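Comments concern the structure below.
Each value in this text was obtained by applying a stated rule to the coordinates, not by laboratory testing. Because the structure is a prediction, the values reported are computed rather than measured. As a convention, Cβ positions derive from the backbone with ideal geometry for all residues, glycine included, and neighbour counts pool all protein chains shown.
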Amino acid sequence: MQGNFLIVHSLTITHLPSLPETLDYLFCYNLPISHLPPLPATLKILLCKDTCITELPQLPNTLTYMHIENSPIRTLPTLPTSLYNLGLGQTYITRLPPLPPSLTMLFLCNVPIQELPPLPNALRELRCLFTQLEKVPQLPSSVQHIECTFYPGKPIYPPSFTGVHREGTSTTAAPPPSPLSSPPPLRPPS
């Protein structure tokens with residue numbers, strides 16, 4: 001990766017100062033911060049893990065990758081149209097805003113989301129692990145991989161899927177006739 005990075009890790013600070021206007025990548029790990037300052041218009045990647053962040057500022061239109069994990073965030077702001085990879089794990093988010101048409105990967109793990117918004121036509125991979133989803137909405141034909149955990153007696157894969165394989169409490173499926181594939185690379189679609 002090329003660009004300007006800021007990695008803030010395992011400090012006792014309770015807030016971040018203003019961020020550089022040319023920042024491309026922001027990584028925040030193991031911090032007692034409750035919020036982020038305004039994000040620069042150049043930011044491409046935002047990773048926050050093990051923080052006390054309860055809300056995010058407005059997201060810049062340059063953001064392509066966002067992953068928030070183990071943070072008490074409850075809502076997301078409007079997602080930028082440039083976003084192609086969204087990951088949420090161990091948050092209190094109960095509802096997603098509309099997903100941008102550019103989104104190719106959605107990863108949800110241990111979040112109390114019960115329903116997904118309509119999925120964008122560019123989506124290639126959907127992973128919903130240990131969520132409270134009741135069902136998965138109609139999948140676009142672009143989906144190459146789906147992995148969803150469901151609770152016993154509550155299958156959540158869409159009825160249009162015929163290639164379903166269950167292991168324990170997870171369901172892995174691929175839309176026929178495409179076989180299961182590896183995840184898409186971490187780069188914007190061309």
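Restricting to DSSP loop positions (anything but H, G, I, E, B) with no more than 14 other Cβ atoms inside 10 Å of their own Cβ, which chymotrypsin sites (Phe, Trp or Tyr not before Pro) remain in region 66-125? Please report the intermediate quantities before stating the final value.
On the way: sites: Y84, Y92, F107; in loops: Y84, Y92.
Here the sparse-neighbourhood loop sites are Y92.
Size of the dipole of region 1-75 about the Cα centre, Lys and Arg at +1 and Asp and Glu at -1 on the beta carbon, nothing else charged, in debye to 20? Working shown, then result.
On the way: 3 positive and 5 negative charges, 13 e Å.
Charge dipole, region 1-75, about its Cα centre: 60 debye, nearest 20.
Search the structure for amide H atoms under 5 Å from the amide H of G89, placed 1.01 Å from N in the peptide plane, and list their residues when 5 or more places away or on another chain.
It is I68, E69, N70, C109, by chain and number.
Within a Cβ distance under 12 Å of T42, other residues only, what is the Lys/Arg minus Asp/Glu net charge? Walk me through the numbers on the way to the answer.
Numbers: positive: K44; negative: E21, D24.
Once all neighbours under 12 Å are counted, the net charge is -1.
List every residue whose amide H lies under 5 Å from the amide H of C128, counting only residues 5 or more places away in sequence or on a different chain, with H placed 1.01 Å from N in the peptide plane.
L108, E147, C148, T149
Region 14-102: which GluC sites (Glu not before Pro) are DSSP loop and have at most 16 other beta-carbon atoms within 10 angstrom? Kindly include the intermediate steps, with their values, before the conclusion.
Values: sites: E21, E55, E69; in loops: E21.
Taking region 14-102 and a limit of 16 other Cβ atoms within 10 Å, the loop GluC sites (Glu not before Pro) found are E21.
Using the Kirkwood radius over C-alpha pairs as Rh, can you work out the diffusion coefficient of region 42-118 via Stokes-Einstein at 25 °C, viscosity 0.890 mPa s, in µm² per second? Walk me through the numbers before you get to the answer.
Working: Rh = 12.4 Å.
Here the translational diffusion coefficient equals 199 µm²/s.
With point charges of +1 on the Cβ of Lys and Arg and -1 on the Cβ of Asp and Glu, referenced to the Cα centre of region 1-145, which listed residue (P80, P37, P140) lies farthest in the positive direction of the dipole?
Farthest towards the positive end: P140.
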